[in-house]
Structure formats: structure tokens, C-alpha cells
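Following: one structure in C-alpha cells, then a few remarks.
Each reported figure results from applying straightforward, stated rules to the coordinates on display, with no laboratory input. Please read all numbers here as calculations on a predicted model, not as lab measurements. Don't worry about glycine lacking a Cβ; one is built from the backbone with ideal geometry, like all the others, and counts go over all protein chains shown.
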Amino acid sequence: MRVLRVVIRCVLLAMALAGPTVVARADWRGFRGGELGSVAQGPVPPTSWAAGDEGENIAWKTPIEGRSVSGPIVVGDTAYVTSSSGYRRDRLHIVALDAETGDVRWQREFWATGRTFCHPTSAVAAPTPASDGEAIFALFSSNDLVCLELDGTLRWYRGLAYDFPKAGNDVGMSSSPVVVDGVVIVQIETKAKSFAAGIDTATGQTRWQIDRPLESNWCSPTVIEQDGRAVVLLQSAGGLAAHDPLTGEQLWSFDEPCATIPSAVATDKSVLVAAGGMTALGRSADGDKAEVLWQEQRLAPGSSSPVVFRDRIYVLARGGVLNVGDLASGERLKSLRLKGPFWATPVVAGNYLYCFNQDGVAQVVDISTDEPEIVSEIEMGESVLASPAIVDGQLYIRSVDSVWKIAAPKRSAP
Amino acid sequence: MPKSHSRHLAMLWATAAAGLGAVIFVRVGLADADEPDDTAAAIQQIRSVGTEGAGSEAATDAWRQLTRGGVDQLPSLLVALDDANPLAANYLRSAIDAIAAQHGDALSTDVFADFLAERTHAPRARRLAYEWLVRLDPTTPDRLLPTMLDDPSVELRRDAVARVMERAAGHEDAGESAEAKQAYRVALSGAIDRDQVDAIAAALDKLGTPVDLARHFGFIQRWKLIGPFDNVGGVGFAAEYPPEKQIDFAARYDGKDGEVGWIDHVSEETYGNIDLYQAIKRENGTVAYAATQFLAAEPRDVEIRYGTVNATKIWLNGELLDSNEVYHANDEMDQYIVRGHMKQGENTIVLKVCQNEQEESWAQVWKFQLRVCDETGTAVLSADRPDTGSVAQNSALRGRLN
């Protein structure tokens, strides 16, 4: 019995030393949360909050120098954002914010080495940065690619338009990078020079580079798992192709015209790509061509990417209408008119779809049934073109000027 | 053995021989990232970074070393920006920021003030020094901006112009027209950014003093044009039509729709735009050439800046300076910037402008604007350009061409 008491004491001591039980939380490591595919894990953020700069459920709001249409990412206890400033839009900023307080932990500024023209609604800080949990990979419309460690240490700097001066689009570029197994993959597609490249995350050296179509394109690469391995999808006007992220080798393709702004999304069984409205491709390609499962014109997205949740696909159409489709058949099940226009890809948490239009109107939609319903509408007061991030029940919204954290107030200790 | 290591060893031997606590000196010698030779070597490693990731690993090591060091490296780092390539410049500037941010209390305004005062340093590096100076001494803008209306840094100049514009607006609000006009004229003398120039011009126009904007920016208004040549299927961009081989303003050639010859054209548009639909023909799948003679008072380097939604090639005195086979991707002033050297006397600029066959409404544009300026964007004018107001000027130009 004494032995048992000693064991119990030791166990209790170990638990006390270990502190409270740690619930694993998912970072939001890139455009659409990286592998999360726009669907947050964990608790649900508030579904309503105060309009304006402070008030109900607004944990903090931090203004950021410059302008941005890139999304925030969250790694550990830090949120990272990018922006661009200056009359010539040639000053590039990467800012680390304390996720708890919104305070700036550090910031780095660089001079763009590529073209910095863009449409007035956009910004040179358009692509959302990506992270592998150890470093930040920030790409800009000028095709500057910066690797910073989480503490702001510069690991390497690539000027992809300095390497290839014709790589530039004066409307602006927005393809966000992805990181897979030590390789950061960028998709640079313009009318004068197009390529995709896999760049070593440790050294900044190019591991592989392939030519891409000479057409303007704004889609981001999408990483899927196929047959137990990571595969990266590259989408452009001429089709969608799957590549080995470590070598660039093409594995299969879908050779029909695709949209050039909304990016593909994947489920366990299929890849959804904006082609002929919306096309579902078989997940495991047999041979070098993808199998078409269904195609539905009425699920055509506007500028934001589709979102898949459970057995439904949610698409914001060009006119601001939210269309709900059946993932298995492609049948459009329901439409709900929202206030558009939308650039930001919506995100899901719990049974809610968080949509932000260009004018900064947040619309939270209950999607627990096939009768989607707007549960709240909040005027943010600032234009929002970036897809938000959700981590651990906290919603990070990037307006063109600021970052907001929306979270329920912490309960005080008894 | 690296030079710095041998210096440390020499120091060690000297210290041991003197019996003065060799251990302390060894520590200082090996750990001292501020040591000038180490700093110089690290800077050199960063300056060696090249295209496609070349030298990145060594540059990263150097960056880490520098940012562990102290503020006494800042003068060397600032100077190193002067002729660093754009990639190396970003390593260096972020190292400067990191060091300065870490050692805020130890920073001296002298480092930045001295560097800023010397106008031959790289404009962007001077702007960086200015911004750190402002952080350390908030009186900096009041003290220095009044002297920066003609600064080589376009960003410093912009702030200087903005201050004068504010003063002018104050006079205007107070009903002091003469003072406002004078202040706006001073602002215009330094203004190079279009938004500021437009605002100043609008204010001066309201005060009864119109501004010749085409002249202010240096837009070329007098052109010889020829076309259309064939660009159906995009064949015209690569095709070498006769004006690419020889400029003979009296010659006539086979064009797309028949014989074509050079015509005189003067742009009366505020920003020197040439609408080729109007000047030549409203037709797509076409190529036109625009040529102008620029009289340089002395030999000099210039920037030729042009904006167009069409595919282009550009030559200065027969030398191809740039080509861009890009159609309908935005339309901005100074969209393309090329550098060239003008000889004293007459120089020939030729621009090839290709329109494709896109059918979208927004693609029905075949036009360009082009100006000659220095590296700040300040106009460089042809020596024979008439010095008159915009309307009178165009009349004068037309008269001379006729």
C-alpha cells in the first residue's frame, strides 16, 4: 500500500510539473490554412462582434504600415502579415504580431527587386505567406521571396524577377507559395515569363524549375495527398496538372480550360477545380489524365476559391451569391444572396462560414443544414480582400490597413 | 588562414609575452563580431550574393554575424549599400534595421546624419538613414526637408515637396493668392511624382497659372508615325519591318493594308499620349512605329520611360534597348524604364507598338506615351523644344512640322 501511495504521489507530481493538459492546436500556415483547406480545427470563434475598432469580441486591432491583400498566418503564438508601402509600392514589409496582445514583436523591411505595378484594388503584398513551422516564406507581387526564421532572422532572399526580369504582371500577381517537405513551391505565371519552382527551404537554392504557360495567372498551388505522398497541383488557363513537389515531375493532368483566379481544393476523394463552372476530378489518377467525376456550370466561383466542408462545396459566385453544391453529384442544392463582391476566400469553423466582402462587410453564415442562413453581418469599416485565419477559436482578419483578432473574452480566474 | 584569425593570434602572442591576461584578449578577439575585418568580410560575403540563390548560405551566415555585432558596424553597412546589387542591398538594409532596433539606446544620430548629408550615397540608403534619424530626432523633418526639394532620393524629395504643398495650401486657405502661387511654384520645381504634380498643377491652374504638364514631365509630343504593318496572329512582334532596319522619313513601304509612309503627329493630350487608332487606323492585329528626333545639348545618360498596354520594342540611335511582348496588362506612366546614352546633337528614338487581336472591350486600345528624364524622373528636354504654354506650344510644334 505504501508503494502504491508513493507511485500515486509521483504521478501527481509529474502531472503538476507538466502543467495543465495541453490541447494540440493547429497553426494556420498559409493561404487557406495550408493543409487545413479553409476549415479550422478546434473551438468556434464568435459569430458576431462589434463594428468598429473595439468592443464586443474584438480582442485587438493593430494597424500595419502600408497596404495588403494577403492573408495572415499564425504559427505558435505569433501572427505574421505582409504589406507593401511607398508611392512606388516598392517597400515590402513582414511583421510579426504577438497573437495574444497584437503588439508588434518584430518587423523587417525590404526593397522590391521586381515590378511593383498593380491594380488599385490590389497590393504588392498580395500572396499570403507560408510557413513550415520553423520559418516564414513571404512572396510578393514583385516576385521577391523572403525566408525569415520565426524570430525575424533572415535565412535567405530571392529576387525571382531579378533572376528573370520579364517575370512580372502589371495588374499584379497573387499566387501564394506552399511548403512541402523542405521545398517552397512558387507559381510565377505571366505573359512574358512563366515558371514554377521548388526552392530549398534551408538554403534558398532552386531544386527544380519548370516552364509554365505564357499567360497571366493568379491561382495558388494546392497540396494534396495522393497514394500516400504529397502532390502539388498547378492550375492555369490551359488546365490543371499534378506534380511531384520534390522534383517538379508532372504526374497527371486535366487539360481543359480552367479559371485563373480561384484555386483548386481537394477532398479525400476528389479535386475540385473551377473549370466549366466547377469540375470534380477523381483523386487517384489512373495514368496521366485525370478522370472527370462531374461538372456543374452553376457552381462557377467568382474570384474567391471554393470551400469544401463535410459533403458540401461552398462557392461564392461572381454576383455575391453563395451556392451550395453536393460534393458527390455536383448538384446545386441551394443559393443564398450575400453582399458582394468577394475576393477573400471564406473560411469555416464549426457550422459557420465566415465571408468578407471587398467593402469590409463580414457575413457569418450558418451552414449546419442545406438551408444556409446569415446569422450576423458586421461592418468592419475597412476593405477586406484577404482570406482570414482561424486558430483555436480566434479569428484573425486582415483588412488592407490593419489586423484584427476576434475572440471571446477570456474568463477571469475564480 | 583568414586574415582576421591571424590578427587574433598575433594579438594573443603579444598579450602572452606582455603577461597581461591573455585569456581576456583571446575572448575578445574570437567573439568580437564588431571587429572591422570581420565586418568587412561579412559585408563582402553579402555583396557576393547573386542570382538564383548563389551565395545565399554564406550571406545568411554573414547576416547572422553582423546582427550579433554592435552599432559601430553601421557606417560600413550604410556605405556598402552604395553599389550593392539589389539582393545584397536587402541583406544589408535588414541587417542595419536589426542592429539599430537592438541597440536603440546606443544609437548616435551622427552616423545617420553624416551619411545622409553626403548626396553621392545611394538614394535609398540615404532614405534609410533619414528614417532612423527621424526616429532618433523628431526635429529632423523640420531641419532637413527644406533643403531636399532637389534631393537625388525621390522619397526624400517627395516629403520635401509635400511640406511646401502644405504651406501653399495654407496660404490659399487664408486667401493669400500671391504667396500660395509662389509656394506652389517652389513645390513644382521639385515635384516628380504624378500625384503631387497633378495636385500642384490643379492648384496653380485655379490661381490662374496653367502648367504645361507634358513639358514638366518631359513627354515627347512631336512624332513621326508609320503603319499599320501586319500583326495578325502575333507575327508582327518578331517581324523586322523596314523601319527597324533604316529610318528614312521619305520612304514608303508595303504595309498591312497597302502602301504606308511616315506621317507627322503632335500629341495635344496632357500627358503626351498618342492614340494610334486615331493617328493611324482603328484596326487590330497591327504594328506601328513611332520615331522622334531628340536634340541633346551635351552627351549624357538618360532614362526613357514609356507606358503602353501594347507589346513594344524600343531603340535609341539604332540600339535595341528593350522589348516586351505583353499585351493589355495595365497602363501606367513610366511602366517601362530603359537607360541609354545620348550623344550630343540629334538622337533618334524609335518605338514599335504592336496591337493584338483580343476582342474584349478593355483590349481595344493601341496607344503609348513616352518621356525622357534623368534617374529621378526629372524631365530632360530636347534642346529645340519650344518654351511656351501647352496650347501655344502645340500650335508652335504644329507650325514647325508644317
Theoretical FRET efficiency, 1/(1+(r/R0)^6), r = Cβ-Cβ of residue B:268 and residue B:346, R0 30 Å, to 0.05: 0.80
Label-point separation in nm, residue A:226 to residue B:106, each point 7 Å along Cα→Cβ: 5.5
Computed label-point distance, nm, for sites residue B:117 and residue A:56 using a 7 Å Cα→Cβ extension: 6.0
Exposed trypsin sites (Lys or Arg not before Pro) absent: longest stretch of chain A, with sites in DSSP loops and at most 13 other Cβ within 10 Å deemed exposed: A:1-268
Contact order normalised by residue count of chain A, Cα under 8 Å, 6+ apart, percent: 15
For A:109-115, mean number of other protein chain Cβ atoms within 10 Å: 5
Using a Förster distance of 30 Å, the FRET efficiency for residue A:376-residue A:171 (Cβ separation, nearest 0.05): 0.30
Where labels lie 7 Å past Cα in the beta-carbon direction, separation of residue B:362 and residue A:151 in nm: 4.6
Excluding exposed DSSP-loop GluC sites (Glu not before Pro) (at most 11 other C-beta within 10 Å), longest clean stretch of chain A: A:55-248
GNM result for chain A, Cα springs below 10 Å: residue of A:120, A:45, A:63 fluctuating most strongly: A:120
Three principal axis lengths of chain B [C-alpha, angstrom, descending]: 95, 59, 43
Long pairs among B:313/B:367; B:224/B:343; A:191/A:289, criterion Cα-Cα beyond 19 Å: B:224/B:343; A:191/A:289
Chain A: projected area of the alpha-carbon convex hull, averaged over directions, in nm²: 22.7
Set of aspartates and glutamates near residue A:334 by C-alpha distance (under 15 Å), chain-local residues within fewer than 8 positions excluded: A:296, A:311, A:326, A:366, A:370, A:371, A:373
Segment residue B:251-residue B:61, extension gain: residue separation times 0.36 nm, minus the distance between their alpha carbons: 62.2 nm
Most positive-pole-ward Cα, B:75, B:98, B:41, against dipole of segment B:33-138 from beta carbon charges: B:98
Cα-based reach from residue A:410 at 25 Å (exclusive), listing lysines while leaving out same-chain residues under 8 positions away: A:61
Whether the protein assembly as shown is rounded, prolate or oblate, judged on the alpha carbon gyration tensor where a/c under 1.5 counts as rounded: oblate
Where trypsin sites (Lys or Arg not before Pro) fall in DSSP loop in segment B:64-152, at most 14 other Cβ within 10 Å: B:119
Shielding by partners - mean other protein chain Cβ count within 10 Å, residues of A:202-209: 3
